[in-house]
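The structure under discussion appears below in the form of structure tokens.
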């Protein structure tokens, strides 16, 4: 090969690949055998793709080759060869596939890998970087590949993993598929030993659906355990299959094994992981159930079998009633497929309902791990009734935020004549407990659900009603509906009644405060909900709750602050003192300062205050004045 040709065939790895290779080669030494798992999984994927092309009638080069994976160790040459008869690659494909980390998530993967190398086994393979693990054990890697496309040329890829690779087209007659020749490092000679290879395959790849042959002897004894009666499958078999399927190193949290005969016939083996595998939202595309037709895999990670809010579920569905050669394009339009999808969804929701009823502690574990994604089911109107019963929230009736309340439990404790279920949103339990809007609910002894997750507002708005009870935010409640409910909570000693003159002054004070605030508020009026706080902001009846308004504003890039009603607690000491000051001098600057302070403090509690500088400066000024008065009173 001429120097010019050699230069044309040489390529640099992308920057993120170089960083990844550096970490893999120099920092990771524990459980290096996972590189075999990753290469065998890639080979299995290549065979799946070839079979799919075959079922849809594509012309395939060497179509009579057995679909299989071959592994050969050469202890004398210190070499390991892993090959498949799958779909193969062209020159452009190998440069694209092995020159960059798969699509997205590379930065997040590298961050996690560099921060937590002990968990490398759990995250390699979840970001499309599995192939590169081969450089943990090799000095050089060669890939010989022949695409299934009839007119494609064989290609050869070579790299030592130090930053560049070479690719060239070959004139040789090579069989279809991909062969990876791994030149092992001195400290990795064990991976050329037949016994060691057999153990690795049985540990990590025993459930691959294609034959895996080590020195021409098949080592994976695959059984479609989802087709077996539940009574004949051991827990160990379930665990082993789940780990193969998910690349998870932990046992599954929950297992659903169903055989459905009517109205359609299918088998399903489904698993709930112990942990949410969607790490920081960077693994969103790695979901879906494997779809089989009469034990033949036709679609890996089918994303239409389950709605996205159940995407944490791993597993397989095997149908008797779908055609074997059905394509990805026609699956969604197939009536049988739609019925299977609907049935599997209902099976999972029913299983969750059973768990919630029979094992509350286990359901609480599930909720803690998967609540955020599960709540997205608010848009599944076909299953809304089942979905609503599975929702859980913190509540004012709970002792701490780790306890969970269902709507059904709330309704069991509901007060006589109470027609609504009340909720409030905020960042924490501590913050909500101190919220002024909650004061009347404490006095009336009315339970309030606490919502901490932004998506909760969309869930509540979508549901709108549980049985005959409307769902109402505490800041948009109709006070008349609360007035008729008897007080049963803690009662604060009532302040002395206002005199006629004080009432008249208060009415004028409210008008003055409205003039000070202008169009920042729609009104300033006396509150019937406040007990301990001097003021709060409330929505007009039947408008969006404050948190929903904020979310809608954010979505529309709207930074305006909605005008609300400011309510004053006429029994609060501050308000009583304001009446005296107003009576003495209605233009006293202190009235303006306090009015603006109460308004901005209320904005702060609602999360609307964008610039706190005025508020802080005003507080400092008032503290300075009050310190002078205090020293005069104390005669210090």
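Any read-out appearing in this document is the output of simple, stated calculations on the displayed coordinates, not a laboratory observation. Keep in mind it's a predicted model, so treat the numbers as computed, not measured. Ideal geometry is used to build each Cβ from the backbone, glycine not excepted, and the neighbour counts take in all protein chains shown.
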Between 0 and 90°, nearest 10: helix 34-55 axis offset from the chain longest Cα axis: 80
Between helix 573-584 and the chain: long-axis angle, C-alpha atoms, 0 to 90°, nearest 10: 50
Cα long-axis angle, helix 589-606 against the chain (0 to 90 degrees, to the nearest 10): 30
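Quick check: from the Cα gyration tensor, does the range 150-220 come out rounded (a/c under 1.5), prolate or oblate?
Details: a/c = 2.59, a/b = 1.37, b/c = 1.89.
Oblate shape, in that a/c is at least 1.5 and b/c is the bigger or equal ratio.
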The range 291-352 pair-distance distribution - Cα-Cα, 10 Å bins, rounded %: 21, 59, 19, 1
Mean Cβ count within 10 Å, highest first, over the residues of peptides 598-607, 414-423: 598-607, 414-423
Alpha-carbon radius of gyration plus Dmax, which is the widest Cα pair, for the range 225-364 in Å: 14.8, 44
Calculated [θ] (222 nm, deg cm²/dmol) that DSSP helices of n ≥ 4 give over the chain, each run adding -39,500 (n - 2.57): -12000 deg cm²/dmol
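With the radius of gyration and the Kirkwood radius both derived from the Cα set of the range 391-483, what is their ratio Rg to Rh? Could you put the intermediate results ahead of the total?
Details: Rg = 12.1 Å, Rh = 13.3 Å.
Answer for the range 391-483: 0.91.
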Cα point-scatterer Debye curve for the range 226-306, base-10 log of I(q)/I(0) at q = 0.10, 0.12, 0.25 Å⁻¹: -0.27, -0.39, -1.46
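Quick one: what do you get for the chain if you divide its Cα Rg by 2.2 N^0.38 Å? Don't jump to the answer; show the numbers that get you there.
On the way: Rg = 33.4 Å, N = 636, 2.2 N^0.38 = 25.6 Å.
For the chain, the normalised Cα radius of gyration comes out at 1.31.
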Centroid-to-centroid separation of the range 465-521 and the range 47-100 [C-alpha atoms, Å]: 73
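Kirkwood Rh and Cα-based Rg: tell me the resulting Rg over Rh for the range 285-425, rounded to two decimals. Walk me through the numbers before you get to the answer.
Numbers: Rg = 18.5 Å, Rh = 17.2 Å.
Result: Rg/Rh = 1.07.
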